[in-house]
Ligand SMILES: [Zn+2]
Ligand SMILES: [Zn+2]
């Protein structure tokens, strides 16, 4: 078992719980997503050397959609443009998205609203309160 396989073994057991079979495509897709903090497009996933020549983009799309529906993966960005995908981390993930080209950057700032989660949970009675911030602008390449 390699380091990468160890990283995704808990993801694979979550996938098993929701009835996903452990296929080579699923393992490779999770590996690509686990290897980077930067959100990736479906095209970037399918271009991973992990898949070799046997890559079927339609299968990968179905897998990623199922992972997204089950909140293992988060989809970011405008629906009309190439969507970006990343694993949901335990902590908040805040992003900066270009309005023109749709590129996504992970924000490395101290989260401005994290402290609100506990307060909102207490006031509302909700459990597992979390948030996602998406900031929009125009990137340097699109200026
Ligand atoms: Zn841009
Ligand atoms: Zn945040």
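The values are calculated or read from the model by the stated rules, or taken from the named source; none is laboratory data. Nothing here was measured: the structure is a model prediction, and the numbers come from that model. Note: ideal-geometry Cβ built from the backbone for every residue, glycine included; neighbour counts use all protein chains shown.
Structure data summary
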{"read-out": "Flag if residue 141 is within 16 Å of ligand 1 (Cβ to nearest atom), over 17 Å from the mean Cα position of the chain (by Cα) and part of a helix (DSSP H, G or I)", "value": "yes"}
{"read-out": "Sole exception among (1) more than 16 Å from ligand 2 (Cβ to nearest atom); (2) surrounded by 17 or more Cβ atoms within 10 Å (Cβ to Cβ); (3) closer than 21 Å to residue 29 by Cβ for residue 86, by number", "value": "(1)"}
{"read-out": "Test: residue in the stretch 101-121 that is more than 17 Å from the chain's Cα centre (by Cα), surrounded by 14 or more Cβ atoms within 10 Å (Cβ to Cβ) and under 20 Å from residue 8 (Cα atoms)", "value": "no"}
{"read-out": "Residue count, the stretch 101-142 (criterion: modelled with pLDDT under 90 and away from ligand 2 (no atom under 16 Å from the Cβ))", "value": "3"}
{"read-out": "Qualifying position, being within 13 Å of the chain's Cα centre (by Cα) and in contact (Cβ under 8 Å) with a residue 40 or more places away in the chain, among 40, 32", "value": "40"}
{"read-out": "Residue within the stretch 107-126 that is under 14 Å from residue 84 (Cα atoms) and part of a loop (DSSP other than H, G, I, E, B) present", "value": "no"}
{"read-out": "Of all residues making up the stretch 54-73, the number that are closer than 19 Å to residue 93 by Cα and free of Cβ contacts under 8 Å to residues at least 40 places away in the same chain", "value": "4"}
{"read-out": "The stretch 89-100, residues that are out of contact with any strand residue (DSSP E or B) (no Cβ under 7 Å at 6 or more places or on another chain) and more than 12 Å from ligand 2 (Cβ to nearest atom)", "value": "90, 100"}
